Amino acid sequence: MQILIKDGRVVDPGNYDGIADIFIEDGKIVKIQSNDNPRQLPTSNEQPATRNKQQAYRTIDATGKIVTPGLIDMHVHLREPGHEYKETIETGCLAAAAGGFTAVCCMPNTNPVNDNSQVTKFIIEKARLADTVRVYPVAAISKGLQGTGLSEYGDLKDAGAVAISDDGCPVTDSQLMRRAMEYAKRFGLLIISHCEDLNLLAEGVMNEGALATRMGLSGIPNACESVMVMRDIALCELTGSPVHIAHVSTMESVRAIRDAKSRGVAVTAETAPHYFTLTEDAVGRYDTNAKMNPPLRSKDDREAIRKGLADGTIDVIATDHAPHSTIEKEVEFDRAANGIIGLETSVSLSLKLVEEGILKIEELVEKMSTNPARILRIENGLTVGNSADITIIDPDRSYIVDVESFRSISRNTPFNGLEVKGKAILTMVGGKIVFDEKNNNL
Amino acid sequence: MQFQKKNILDMESLSVDEISMILDTADRMKEISQRPVKKVPTLRGKTVVLFFYEPSTRTRTSFDIAAKRLSADSLSISASTSSMVKGETLIDTARNLEAMNPDVIVIRHPSAGAPHMLARTVSPSIINAGDGMHAHPTQSLLDLMTVRENKGEVKGLRVAIIGDISHSRVARSNCIGFTKMGAEVILAGPQTMIPKGIETLGVSFTLNMEDAIYDSDVIMMLRIQKERQKSFLFPSEREYAKVYGLTRKRLESTKDDVLIMHPGPINRGVEIAPDVADGPYSIILNQVTNGVAVRMALLYLVAGGTRNADTD
């Protein structure tokens, strides 16, 4: 199959930005032809396509659209194995494709836990059968996420794990975290840290502050996150192993990461769209779709997250896509499960940052594609010879979020009914179109 | 004025006029309990479900007596006898109750917001009899009634609430209820028991009990739960009693006509000394008596009063 993506604004940070045509053959990018200035072809040494060949191309008109290297969501929960009523690898991949993602990293808190090569291989096989987006398993730091012994990183790496994390649970034992960082080095596995001090968490179910007090809900202080961020930065300095801080939600964490980066510490960080979009006010009338961990924070925290994104302190936007069914969500607030789905709203919510002038479009692409790829050391970019993992975004498309249209099995989002602008309209993985808004059946 | 509220969920959602109307109605209801035959037919044919997920003697009995004195049929469901022990969700249990057409569901639940969830889900009137640390509006109303009865009006009074504010739904509801009715509320307790942002309810706080009580017209003591020692809120009952207990000695520096209140159950010798609890300033048992009157008023207003007469 030969595809030509024509006349789009190609945004590939650090590589290319301009109106261009992308030629794809056999799943790979074979040529990028600038339309800005035809005399400066970025791939001038390539053979120009013959007339015959050009006719054989299926042409996608991307006029007025943004063409980016495939977006990567490096923090999702696909729930399989074990919780298939919430999501499966297949439905999660469909949701990812519909959200404009060509790759996802799935967290290990499944049942059984992805702490051994069998589970890793199972996930990879299921993803292969789903044949939609790329799935990069994240394996457990500790066996069974119990925080008492290391998983077999060598085996896990061989099976295809790209990173390790006890996401959902913090690694409370600092010595175990230190040893995990040291031991992971040999295998080049990135450590993704879920930063939370369980003693400070106590019974907390939402952000600590006046609203929690008024609602009679136990609060979670910012320090619950930031003390662990600071610990992991210290361990990162001690061991020299890179650490990626998951779902940053507080201003103190942003400050600590900014400071660490300025000292050259190998720390990277992500936040999720809900932390730069919403505040604790969304909990409102005990809405369990606004309950997540870490919790939605104050306006000041949201502002700090936005600043952290703008100044590069926060490298990545990842969704922490956490599907739950009504069984976990249509219950009392303090008993409800943490988490919201995010794959199918992330691009729209993130584009708002561009509209508001917080990020330039190329910076947004960095945070949703270039940076996750760099941090995870996976192939990325619209360069000749690369696999054709491409997302096409219509930045002007206004629509109302409708959970009933979601590919995800679950419906737990506080964004249902929200009017947004900008949407992924086509997703291509290895030259295969896995989502095309014009043809929902794809 | 017609009473328009279908549900009694918290003090925040009641207006000053509605609170006044409830208190006026309660004043009239109080007389019924003093008759030799303590029953009127007002709510005959109405069904009131007392749905208690948490242990309660005072509040449940109070609602039960209130319903019976108005001739409503009342029945109690507790967590241990409900299908919750079989894993049924709160919403499912409530929908099943709803299918049997009760007029009022009185709910006490350990989760904040549980009554609000029911109010959104099922059709009977919901009365919150205490939800987690959030609200206990009927307690606040009976406290307002008792203070008003003793002082003539609530407006302009200074009310001190002492103890574990963090975990107290009574404190939260009274912060809102008393300030709404024009009183000044000052809280006291160790910092461990003062929740973040409580001043946004329009109250002030001090860590020093003496500062709170010396000029107050009402002192409300809160129950200290021994198990809070485990979460490091205080070191021992002994020390708590020493720093925050209401003793006769501490009463010496208060107003002569101070009122001592407590939502119960009291820990004698911890937050309140026995001679103070039983002493001349104590109106603790008046609170209990007025609890029945307030609950009669609420049942009447939501199930048999002007609201239904108007809308049916």
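Let's see if you can work this out: charge +1 on each Lys and Arg Cβ, -1 on each Asp and Glu Cβ, no other charges. What is the dipole magnitude of the range B:145-280 about its Cα centre, in debye to the nearest 20?
460
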Here the whole-number average of other chain Cβ atoms within 10 Å per Cβ of B:106-114 is 5
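Enter the mean number of other protein chain beta carbons within 10 Å of the beta carbon of each residue in B:128-136, as an integer.
3
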DSSP beta bridges in the range A:71-376: the antiparallel percent, rounded to 5, is 5
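What percent antiparallel are the DSSP beta bridges of the protein assembly as shown, to the nearest 5? Don't skip to the answer; put the middle values down first.
On the way: 35 of 100 bridges.
Of all bridge pairs located within the protein assembly as shown, approximately 35 percent are antiparallel.
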Counting other chain Cβ atoms within 10 Å of each Cβ in B:170-182 and taking the mean gives 1
With +1 at each Lys and Arg Cβ and -1 at each Asp and Glu Cβ, the charge dipole magnitude of the protein assembly as shown around its Cα centre, to the nearest 20 debye, comes out at 1060
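Of B:Lys196/B:Lys242; A:Lys86/A:Lys329; A:Lys121/A:Lys157, which sit over 20 Å apart, Cα to Cα? Before the final figure, lay out each step's value.
On the way: B:Lys196/B:Lys242 25 Å; A:Lys86/A:Lys329 11 Å; A:Lys121/A:Lys157 11 Å.
Pairs exceeding 20 Å: B:Lys196/B:Lys242.
Using only the alpha carbons of the range B:192-281, what is the convex hull's orientation-averaged projected area in square nanometres?
Details: hull surface 24.3 nm².
So the mean shadow area of the Cα hull is 6.1 nm².
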If unit charges are put on Cβ atoms (+1 for Lys and Arg, -1 for Asp and Glu) and the dipole of the protein assembly as shown is taken about its Cα centre, the option from B:Val122, A:Phe406, A:Gly339 lying farthest towards the positive end turns out to be B:Val122
Computed, not fitted: 222 nm per-residue ellipticity of the protein assembly as shown from DSSP H runs ≥ 4 (each -39500 (n - 2.57)), nearest 500, equal to -9000 deg cm²/dmol
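Given Cβ point charges of +1 (Lys, Arg) and -1 (Asp, Glu) and nothing else, what value in debye, to the nearest 20, does the dipole of the range A:71-376 about its Cα centre take?
Values: 31 positive and 44 negative charges, 106 e Å.
Roughly 500 debye for the range A:71-376.
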In degrees, nearest 10, the alpha-carbon axis of helix B:16-30 is tilted away from the dominant principal axis of the alpha carbons of chain B by 80
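Tally up the carbon and sulfur contribution to the accessible surface of the range A:71-376 as a whole percent, 1.4 Å probe, everything protein left in place. Walk me through the numbers on the way to the answer.
Values: 4980 of 10050 Å².
The computed percentage sits at 49.
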Taking only C-alpha positions in the protein assembly as shown, Rg and Dmax in angstrom work out to 30.8, 107
Relative to the compact-globule estimate 2.2 N^0.38 Å (N residues), the Cα gyration radius of the range A:344-442 stands at a ratio of 1.15
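Cα convex hull of the range B:154-198: mean projected area in nm², to one decimal?
On the way: hull surface 11.2 nm².
Hull-based average projected area comes out at 2.8 nm².
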Under 5 Å from the placed amide H of A:Ile340, counting only residues 5+ away or on other chains, we find A:Ala322
Listed residues A:Glu419, A:Glu87, A:Glu280; largest mean-square fluctuation, Gaussian network over chain A with Cα springs below 10 Å, found at A:Glu419
Ranking A:Val283, A:Met428, A:Ala161 by how far each Cα lies towards the positive end of the charge dipole of the protein assembly as shown (+1 on Lys and Arg Cβ, -1 on Asp and Glu Cβ), the top one is A:Val283
Of A:149-161, A:184-196, ordering from highest average Cβ density within 10 Å down gives A:184-196, A:149-161
Rh (Kirkwood, all Cα-Cα pairs) for chain A, Å, reads 22.0
One would report the Cα pair-distance distribution of the range B:137-288, bin width 10 Å, in %, as 12, 47, 36, 5, 0
Relative to chain B, whose Cα atoms define the longest principal axis, helix B:169-180 and its Cα axis are tilted in degrees, nearest 10, by 90
Stokes-Einstein D for chain B (25 °C, 0.890 mPa s, Kirkwood Rh from Cα pairs), in µm²/s, comes to 123
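When a/c reaches 1.5 or more, the comparison of a/b and b/c decides; with that in mind, is the range A:153-292 rounded, prolate or oblate per its Cα gyration tensor? Before the final figure, lay out the partial values.
Working: a/c = 2.19, a/b = 1.89, b/c = 1.16.
Prolate.
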In Å², rounded to a whole number, the accessible area per residue of the range B:137-288 with probe 1.4 Å is 41
In terms of the alpha carbon gyration tensor, root eigenvalues a ≥ b ≥ c, rounded if a/c is under 1.5 and otherwise prolate when a/b exceeds b/c or oblate, the range A:234-384 is prolate
For B:Lys255, the lysines lying under 18 Å Cα to Cα, once residues fewer than eight places off in the same chain are dropped, come out as B:Lys151, B:Lys155
When the charge dipole of chain B is computed with +1 on Lys and Arg Cβ and -1 on Asp and Glu Cβ about the Cα centre, the Cα farthest towards its positive end, among B:Gln34, B:Pro235, B:Val185, belongs to B:Gln34
So the angle from the long Cα axis of helix A:223-239 to the longest Cα principal axis of chain A, reported in degrees to the nearest 10, equals 70
Set A:Lys6/A:Lys438; A:Lys6/A:Lys423; B:Lys46/B:Lys86, cut-off 23 Å on Cα-Cα distance; pairs above it are B:Lys46/B:Lys86
Rounded to the nearest 10 Å², the 1.4 Å probe accessible area of B:Met1 is 140
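The values are calculated or read from the model by the stated rules, or taken from the named source; none is laboratory data. Remember, it's a predicted structure, so these values are computed and weren't measured experimentally. Please note: Cβ atoms are built from the backbone with ideal geometry, for glycine as well, and neighbour counts cover all protein chains shown. Remember, those area values only see protein heavy atoms, side chains included, never the ligands or the DNA or RNA. Shrake-Rupley method; radii C 1.70, N 1.55, O 1.52, S 1.80 Å.
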